Amino acid sequence: MPPRPARRLAVAIVAAAALGFGFARLAGLSLGPAAPSEVSLSYRLSDVPSSMTAAQARDLAMRVITRRLASHRLVNRVDPGAAADVITVRVAHSTAAQVAPIVEADGVSLTIWKWVPGQADAATQSQLGPLAAQYHPGYKPVFTGIDGTMVIHATVGQATRPPGPGVIVTFDADGAELLDLVTKDRAAQTYDTIDNKLALFTDSRLFEDADISGEITKGAMLLVPDVGIFTESDAVRLADGLNAGTIPGKLTQLRG
């Protein structure tokens, strides 16, 4: 007697399921959802600058670490640890070998200054180097409050004058507001004078002594060095360094 239609259907389903299971095994696949992997690392923050509290330093370090991981498109969560100087880093779908070099990377510090009449004090020269008192005799650099902790993202772009690579830096809401106010003030001064300039330092190097032609309202600016050859690879390195940011202190991974 020939099988009934319902029995034919059941046989076909079983056969198809068996075929699919066999194919999955051949392809190296597993049936059912895979459990997401997560790596958890803990760090102690030490050698915090005297200019900030331990809590301020840890909050800043957590922001920098979050941005470092996000710039590599890693889903992460950075939290305060059990102790006041400990930071816990959790990253999904990664390994410790992948995460640790990103967290511990050496970044580039960006600070923006304006020139005002006077002499650079010892603290400023300690931060920017002794040349800070010599760039513009009779003028000293004064910190605008804008620094690399406010950078959301840095990427390679193209400058038009002179033509060549540059680095586009986008700031968060606080940085954008300060940049708007500072550039509005500088643009109101006579163009191409010292009072019109903003000094952009990367670490302790004067990267660009920029003439400000107008108020910057979009929260982003293009960095192009004043002197020297600046190649595409130089721009990539600077963008990577700005995305990495700088940690206010020393990070030490806690083992075990």
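The values are calculated or read from the model by the stated rules, or taken from the named source; none is laboratory data. No experiment lies behind these values; they were computed from the predicted model shown. All Cβ positions, glycine included, derive from the backbone under ideal geometry; neighbour counts span all protein chains shown. In case anyone asks, the SASA skips ligands and DNA or RNA and just uses the protein heavy atoms, side chains included. Shrake-Rupley method; radii C 1.70, N 1.55, O 1.52, S 1.80 Å.
See the values below:
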{"read-out": "Charge context of LEU198, other residues only, Cβ under 9 angstrom, K/R +1, D/E -1", "value": "0"}
{"read-out": "FRET efficiency, ALA83 to ALA159 (Cβ-Cβ, R0 51 Å, nearest 0.05)", "value": "0.65"}
{"read-out": "Estimated [θ] at 222 nm from DSSP helical runs (n ≥ 4, -39500 (n - 2.57)) normalised by residues in the chain, nearest 500", "value": "-10500 deg cm²/dmol"}
{"read-out": "Per residue convex hull volume, Cα atoms of the stretch 127-167, in Å³", "value": "133 Å³"}
{"read-out": "Rough spin-label spacing in nm, given labels placed 7 Å along Cα→Cβ, for VAL142 and GLU104", "value": "4.2 nm"}
{"read-out": "At q = 0.10, 0.11, 0.20, 0.22 Å⁻¹, base-10 log of I(q)/I(0) for the stretch 78-217 (Debye sum, equal scatterers on each alpha carbon)", "value": "-0.46, -0.54, -1.27, -1.42"}
{"read-out": "Around THR53: net Lys/Arg minus Asp/Glu count, Cβ-Cβ under 12 Å", "value": "-1"}
{"read-out": "Zone of ARG255's modelled label, taken as backbone nitrogen in the stretch 85-100 under 18 Å from a point 7 Å along Cα→Cβ", "value": "96-100"}
{"read-out": "Principal axis dimensions, the stretch 37-88 - Cα atoms, whole angstrom, descending", "value": "37, 22, 13"}
{"read-out": "When the chain is reduced to its Cα atoms, the Kirkwood hydrodynamic radius in Å", "value": "21.8 Å"}
{"read-out": "Area accessible to solvent at ASP234, 1.4 Å probe radius, in Å²", "value": "40 Å²"}
{"read-out": "Overall Cα dimensions of the stretch 139-242, principal axis frame, Å, largest first", "value": "35, 28, 25"}
{"read-out": "The stretch 29-131: trypsin sites (Lys or Arg not before Pro) in DSSP loop, at most 13 other beta carbons within 10 Å", "value": "ARG73"}
{"read-out": "Net charge of Cβ neighbours under 13 Å - reference SER109; Lys, Arg +1; Asp, Glu -1", "value": "-2"}
